1. It is to be established whether one or more residues within the stretch 167-186 are without any contact (Cβ under 8 Å) to a residue 40 or more places away in the chain, charged (D, E, K, R) and over 30 Å from Lys73 (Cα atoms).
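None of the figures in this text is laboratory data; all of them are computed from the coordinates on show. Remember, predicted model here, so these are calculated numbers, not experimental data. All Cβ positions, glycine included, derive from the backbone under ideal geometry; neighbour counts span all protein chains shown.
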Amino acid sequence: MGTLQIRQRAVPLELKLDKVGNQKPEDANYFTVNVTSPGLTKKGDLHESFAMAQFKDMDDSKKLSGPAYEKWKAGLEVSGASARANTSLAVKRVVRYEKIIIDTHYKRFVKTLFLWFANLFTLFLNGNAVSRSAVSQHSLKQKQPFEEKVTIHSYLWVVASNKDNSPLDEMAGKFTCQAKAYEYMQQQVAQNPELADTVHVIPQTELRRAA
């Protein structure tokens, strides 16, 4: 069953927009995309890179300390609700076939001979001009002798206390987007003004670990 991808790069989805460029939104400031058509179902979200400083109010220090671009929701992928492929016309046919068994002893001999020549070719190949080439597999293994590789994961952001970098609450951690973490912090400050100037957004790596 095929899929359909729907994406846009104008504004990030499911994020309150304080501004778009240098202008305040005059009507809507929060956008979502949902599947409502019958026969279709959502398979997942699609992401694009957005400059969040173009959509959220941030002071200069936050702009400089935060990433220039962040991955955020920009669309979705849909597919048919049913996995069956329907057709308007079907034809039934009865197939008759004949099975013939042939002794394959000679095939096993040829396979063994082929493996012997392949091993001999590999032996002669070792150390020749082809293996010393910069684009050869032998040269690649010399540059990367270990299969284990270092992987870099995306940043996670946490709303934490200014005093000890402890998370504000259970919902304040592991935001994949810094702008979303700032939005959550603004919501909490709006509900409880006493939190103003006592919380900030930090990478998860700076979070205080429990003893």
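1. Step one: list which residues in the stretch 167-186 are without any contact (Cβ under 8 Å) to a residue 40 or more places away in the chain, which gives 168-175, 181, 184-186.
This time we only want the ones that are charged (D, E, K, R), so: 169-170, 174.
Going one step further and asking which of them are over 30 Å from Lys73 (Cα atoms), we end up with none.
No.
Matching residues to (1) surrounded by fewer than 16 Cβ atoms within 10 Å (Cβ to Cβ); (2) over 21 Å from Trp157 (Cβ atoms):
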{"position": "Thr3", "(1), (2)": "yes, yes"}
{"position": "Arg7", "(1), (2)": "yes, yes"}
{"position": "Gly21", "(1), (2)": "yes, yes"}
{"position": "Asp27", "(1), (2)": "yes, yes"}
{"position": "Asp45", "(1), (2)": "yes, no"}
{"position": "Lys73", "(1), (2)": "no, no"}
